[in-house]
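Report on the structure given below.
The values are calculated or read from the model by the stated rules, or taken from the named source; none is laboratory data. Just so it is clear, the model here is predicted, and its values are computed rather than measured. Please note: Cβ atoms are built from the backbone with ideal geometry, for glycine as well, and neighbour counts cover all protein chains shown.
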Amino acid sequence: MLRGNNRSGNMIELKRGRPVTGKTPSKRVLLRLYAEEGKSIREIGETLNCSKDMVARALKAYDIEARTRVRKSGLFKYDQEALKATVRAKGVRATALEIGVNASTLSRFLRSKGGN
């Protein structure tokens, strides 16, 4: 806390940072939205009408482990053998365009899985 003077010369304590907005979410609600439904901190804040900072502080206070920031590739949802067969039939570029990824991403993914 900082100390300062107001207009009348009286000492007041000043808080640093953004003002707190909204009500602190309950642990039960956070577990459901964050851990079970996989919503982001920002999405939870918008849903509960509170700041993302409030949600992050609540997660820390309730000892709810934060997810890693690395997203798992959407390519894992495809059957690997079917994906390889499609690449053999249509080629990397056509397959990548069909599933909505960059051709180099698809090539790298298949190489890492021992295919292509």
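Report whether or not residue 64 is at pLDDT 90 or above and either in a loop (DSSP other than H, G, I, E, B) or loosely packed, with under 11 Cβ neighbours inside 10 Å (or both). Write out each step before concluding.
Values: at pLDDT 90 or above: yes; either in a loop (DSSP other than H, G, I, E, B) or loosely packed, with under 11 Cβ neighbours inside 10 Å (or both): yes.
Yes: the conditions hold for residue 64.
Mind telling me which of the residues 74, 38 ends up being out of contact with any Ser or Thr (no Cβ under 7 Å at 6 or more places or on another chain) and over 22 Å from residue 22 (Cβ atoms)? Break it down stepwise before answering.
Values: 38 fails: over 22 Å from residue 22 (Cβ atoms).
Checking each option against the conditions leaves just 74.
Test residue 9 against the stated conditions and say whether it is part of a loop (DSSP other than H, G, I, E, B), modelled with pLDDT under 70 and out of contact with any Cys (no Cβ under 7 Å at 6 or more places or on another chain).
On the way: part of a loop (DSSP other than H, G, I, E, B): yes; modelled with pLDDT under 70: yes; out of contact with any Cys (no Cβ under 7 Å at 6 or more places or on another chain): yes.
Yes; evaluated as a whole, the condition is true for this residue.
Can you name the residue in the range 67-110 that is under 26 Å from the mean Cα position of the chain (by Cα), exposed (fewer than 12 other Cβ atoms within 10 Å of the Cβ) and among the hydrophobic types (A, V, I, L, M, F, W, C) and, of all such residues, is modelled with the lowest pLDDT?
Looking at the filtered set, the residue picked out is 70.
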